[in-house]
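Notes for the one structure printed next.
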Amino acid sequence: MTDKDIEQRAVYLANNIDSSSLTLLRKFCFGNRGSVEFWQRVSSGSSLYSFYQKRDDDTTKLTLWQPYNFIKDFKSSYQFDTSRYNEFRFLKIKDTIVRIIEINNGGQEVIKDTSISVKQIFPDQNPFQTLSNLTAIQNRFKFIGSFYRNDIGDFISFWLSPKFKLTYLPDTLKMNNFSKKYWLEEFSKGKQIKQYWSLINVYNE
């Protein structure tokens, strides 16, 4: 992908992303660990939990870690045994959870076949839908990573390639005074795509 291609992608993102998507991306950051692409719930610079969703034919699999934080956002009737397991997978077909897999640190699995509605396990908010919404944003704008730290400032960076990131910085008043100078200098080095949006070549810093 050429630098011109990246710039066109940056222009498209800056001109088309909506406020509701930006609000969601202030809560969840996108990244990868090897070949696995996942979303992290972030707050004050900390990762509260991680999860991702994968579709195979008619089955959708949701994998999550750190459920004690996860259930603060997605109230659940399921009892997570974090004393024995650190990874949990929910497999659904349409609106029914058909299998739950618990995995311990040694990689051993406990498989529970079931037939219960998503609504019964997650009565208030559906994590499958949240992940679908996040994935739709990422697929549309094709960023390979995103970054948000509300303890630093109200700005979001989208990695469009290992070389370029597009930063949205709408309000310099909402920045940590200790790091404000650094981030404003970085922002000013980029190419202004439109007001509040700067495309930064990190190799030129």
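The values are calculated or read from the model by the stated rules, or taken from the named source; none is laboratory data. Please read all numbers here as calculations on a predicted model, not as lab measurements. Please note: Cβ atoms are built from the backbone with ideal geometry, for glycine as well, and neighbour counts cover all protein chains shown. SASA here: full protein model, heavy atoms, side chains in, ligands and nucleic acids out. Shrake-Rupley method; radii C 1.70, N 1.55, O 1.52, S 1.80 Å.
Glu109 fails exactly one of the following numbered conditions: (1) open to solvent by 80 Å² or more (accessible area, probe 1.4 Å); (2) acidic (Asp, Glu); (3) without any contact (Cβ under 8 Å) to a residue 24 or more places away in the chain; (4) closer than 23 Å to Thr135 by Cα. What is the number of that condition?
Against the list (1) open to solvent by 80 Å² or more (accessible area, probe 1.4 Å); (2) acidic (Asp, Glu); (3) without any contact (Cβ under 8 Å) to a residue 24 or more places away in the chain; (4) closer than 23 Å to Thr135 by Cα, Glu109 comes up short only on (4).
Each row is one residue, and each column tells you yes or no for (1) of a type outside the set (D, E, K, R); (2) under 27 Å from Leu160 (Cβ atoms); (3) touching a strand residue (DSSP E or B) at 6+ places or on another chain (Cβ under 9 Å).
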site	(1), (2), (3)
Lys27	no, yes, yes
Ser47	yes, yes, yes
Ser50	yes, yes, yes
Phe90	yes, no, yes
Ile101	yes, no, yes
Glu109	no, no, yes
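How many of the residues making up segment 48-60 are under 24 Å from Thr82 (Cβ atoms) and either free of Cβ contacts under 8 Å to residues at least 12 places away in the same chain or open to solvent by 60 Å² or more (accessible area, probe 1.4 Å) (or both)?
Looking only at that region, the number is 1.
Residue under question is Ser198, and the condition is that it be crowded, with 16+ Cβ neighbours inside 10 Å, within 16 Å of Glu7 (Cβ to Cβ), polar (S, T, N, Q) and at pLDDT 90 or above; does it hold?
Yes.
Just give me the residues in segment 133-192 being within 14 Å of Phe28 (Cα to Cα) and in a strand (DSSP E or B), in sequence order.
Gly145, Ser146, Phe147, Tyr148, Ile156, Ser157, Phe158
Within the group Asn32, Asn16, which residue is modelled with pLDDT under 95 and open to solvent by 40 Å² or more (accessible area, probe 1.4 Å)?
None of the others qualify; the one that does is Asn32.
Within segment 45-84, work out how many residues are on the phi > 0 side of the Ramachandran plot and of a type in the set (D, E, K, R).
1
Working carefully through the options Arg140, Arg149, find the one that is open to solvent by 50 Å² or more (accessible area, probe 1.4 Å), at pLDDT below 95 and among the basic types (Lys, Arg).
The conditions single out Arg149.
Mind telling me which of the residues Ile103, Ile116, Ile93 ends up being over 15 Å from Leu131 (Cβ atoms), out of contact with any Phe, Trp or Tyr (no Cβ under 7 Å at 6 or more places or on another chain), surrounded by 14 or more Cβ atoms within 10 Å (Cβ to Cβ) and free of Cβ contacts under 8 Å to residues at least 60 places away in the same chain?
Just a single option satisfies the conditions, and that option is Ile116.
Quick one: in segment 156-184, which of the residues that are more than 15 Å from the chain's Cα centre (by Cα) and of a type in the set (Phe, Trp, Tyr) is least open to solvent (accessible area, probe 1.4 Å)?
Phe164
Give all pairs with beta carbons closer than 7 Å in which a residue from segment 152-168 that is basic (Lys, Arg) meets a residue that is not in a strand (DSSP E or B); count only pairs at least 6 apart in sequence or on separate chains.
Sorted first by the residue in segment 152-168, then by its partner, the pairs are Lys163/Val202; Lys163/Tyr203; Lys165/Val202.
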